[in-house]
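Q: Got a structure here, written out as structure tokens. Questions coming.
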Amino acid sequence: MTDSFNGIQVCREIAQSDKNGCFQVESNGVTWKVYVANGRLQYAYNSLHSIETLIYHLTQLGHELSFSGRETLHANFQVASSNPQLAPWGPLYFSLERLYRQQGLEANTFATVNIALSKDALETLLWLQQANHFWSEGASDLVAGLPSLSDILDRLEMRLQAWRRLCPVITSPDQQPYCPDLTKLDQPVSQGRLSRSLLTMLVKLMQGNSIRQLSLFLKQDSLKVAQLLHPYIQQQILRLHPPASPLDKLPPIPPVQASQPPILAIPQLQDRQQPVLSQEPSPFQVRQREVKKVCKIVCIDDSPAMLETLERYLGAEGFEVATVENPMESMSTLFSMKPDLILMDVSMPGLNGNRLCQILRRSAAFKQLPIIMVSGNTSALDKAKAESSGATAYLTKPFSKEALLAIIDTHLTVAATV
């Protein structure tokens, strides 16, 4: 019999400890394993991770596999699945490592995909409400420590809040959308953001594919695709089949219980205290504090989850934060907002960040304003595009709170001295 389970609370306790070992969770025939070293995540996976999971994350990160590369992945996955002793960390990690060693996968891509796979596993683990769990002590020689487990949990909590807003209309990214009546595609949909042609194209892509699989075709995050489809499903223009087996064994998005506070109300972990080097702040520290008290930062991103993360990170530091979700509407509001700095996503529908930055730079009001472009694309070409658009700086996703504050403080301090 399974027990009541609060994955966030248990994982928080592990993250705050100095333990080395493996946290194993079992529910509904699915097993999750989370390897941790001194509060830092090493790797996480669940037993339903397939080779398609790996291809999904490789594609999301802009790594296109050749036909031979895919064949090699499938072959290695089958070898590892039939010989568990060869792959103590699971067949997917074995396949990824072989791809890294045999196909010339870059080291930073290997690490980034490793993080993405781990987050993928952790996300569904945090959705569990009933589970058995065990802790196995012991050091691991798997990989060097990845980002702080606490930081990853922060981001996954924000994603959970965004997923919960889609409930009960959407309860899983593995649900399969379909259109029962094509004539309804012409109906106006409140808050619908898809053009008729794009909606028709998506319907053609559905054909038994899940929301997650659609996001693979579109090279978008599954949460973002679910948010786009939500109003059409809510109005029953589109409908949903349940997840196909064995993905139906994964937990659905947990609803907010009326008797319990939403996850946002969980107390924030206190920052680790840093050693005090001197009693008096330096002139640079004084300038930073003065800037933060009066600075307004406008965040432009079509992802509500990302906007909430930015608002939480920056709001806690005393910044005045304004968010804009629709880049097409931002032009009419930016001038009245009078920001001191703009954080802008590169990949947005309708009007991408590079183009919007070019437009803003034509105005005297934004000629010298710090504009920081945020993107998940790490290629030099993407950075060159951001620079050519007039961006002040470039921040790569995923980023830590510390990295975000560092780049903002740098450019606000420079702007304050001009």
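Here, each number is a calculation from the coordinates, and none is a lab measurement. As the structure is a computational prediction, the values presented were derived from the model and not from experiment. Here the Cβ is made from the backbone with ideal geometry for all residues, glycine too, and neighbour counts use every protein chain on show.
Q: For a footprinting-style exposure proxy, rank Y56, Y232 by other Cβ within 10 Å, fewest first.
A: Y56, Y232
Q: Taking other Cβ within 10 Å of each residue's Cβ, how do L86, L202, L65 sort, fewest first?
A: Exposure proxy ranking, most exposed first: L86, L65, L202.
Q: Count the net charge of all other residues whose Cβ sits under 14 Å from the Cβ of E26, scoring Lys and Arg as +1 and Asp and Glu as -1.
A: +1
Q: Now for a different question. In what sequence, highest mean first, do 158-170, 235-247 appear when ranked by Cβ atoms within 10 angstrom?
A: Order by mean packing, descending: 158-170, 235-247.
Q: Using the 10 angstrom Cβ neighbour count as an exposure proxy, how do I300, I115 rank, fewest first?
A: The fewest-first ordering by Cβ neighbours comes to I115, I300.
Q: Can you tell me what the convex hull of the Cα atoms of the stretch 1-125 projects to on average, as an area in nm²?
A: Projected over every direction and averaged, the Cα hull of the stretch 1-125 covers 8.3 nm².
Q: A follow-up question, please. Under the Kirkwood approximation for Rh and a Cα-based Rg, what ratio Rg/Rh is obtained for the stretch 315-379?
A: 0.95
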